[in-house]
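For reference, the structure is listed below as structure tokens.
The values are calculated or read from the model by the stated rules, or taken from the named source; none is laboratory data. What you see is a predicted model, and the numbers here were worked out from it, not measured in a lab. Cβ placement follows ideal geometry from the backbone for every residue including glycine, while neighbour counts extend to all protein chains displayed.
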Amino acid sequence: MTERILVVEDDENLRLPLVDNLEDEGFEVEQASSGEAAVELARRQSFDVIVLDIMLPGMSGYDVCKVLRAEASTAGILMLTARSLEDDVVTGFDAGADDYLTKPYRLRELLARVRALLRRRAPSSAESPRPAETVIDLDGIRIDASARTVVDASGAHVELTRTEFDLLVFMVTHQGEALAREVILDKVWGNVRVDPRTVDNFVSNLKKKLGWTKDRKFAFRAVRGVGYRLVIGEG
């Protein structure tokens, strides 16, 4: 089956050549010049990857990403940004993006990022949780790895981005282990290249969304010079 890609870019001089190159690579490509048009297209059609510019007229790329994730879009989202400031990158990941690329970008690198997102999207039996691990209880927080849902002790659903969910499941299934940032990036982000400190931002987000406090019976412990360890059974 041909992978389907949506390119969202208001600059025609950038959008049209990118669409042509993606089509030359064998992808089926749709395009939009505004955030509103992108959301409408994504509601009517299914895409494997969305290449999304942040600076759009009207609805920003961040807002587009938030809307699509709120509507349960599983497309891999590659954000294009003219700035590489950490705050901009973090905002993109918080909105639900899977990767980012700074303009001006090299076409070969963009294509590599798109293919990496497609590989992440493809199911892998080797990475699937074992049956006994499908439903996990984390101090009253119910994590269903098969349904990809998280429910807190009160029964309320915890809304996580796809990457946040993958990170949580990975750390829970490797509880007690000191996980290097590079290992986490390899297993959760795959071949997508991001700054290793991105892991810190995602762990911080997980703690907030899970309502973690020092009184909980689990903790994300920083391992100096290495990465993180999820400890269960202590506050």
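The criterion of being closer than 26 Å to residue 73 by Cα, among the hydrophobic types (A, V, I, L, M, F, W, C) and not assigned by TED's automatic domain parsing to the domain that holds residue 91 holds for residue 188. The strands (runs of 3 or more DSSP E) located wholly in segment 125-220 that include 1 or more residues which are out of contact with any strand residue (DSSP E or B) (no Cβ under 7 Å at 6 or more places or on another chain) and either surrounded by fewer than 13 Cβ atoms within 10 Å (Cβ to Cβ) or modelled with pLDDT of 90 or more (or both) occupy 135-138. Only one of the numbered conditions (1) at pLDDT 95 or above; (2) more than 18 Å from the chain's Cα centre (by Cα); (3) surrounded by 19 or more Cβ atoms within 10 Å (Cβ to Cβ) is not met by residue 56, and that is (1).
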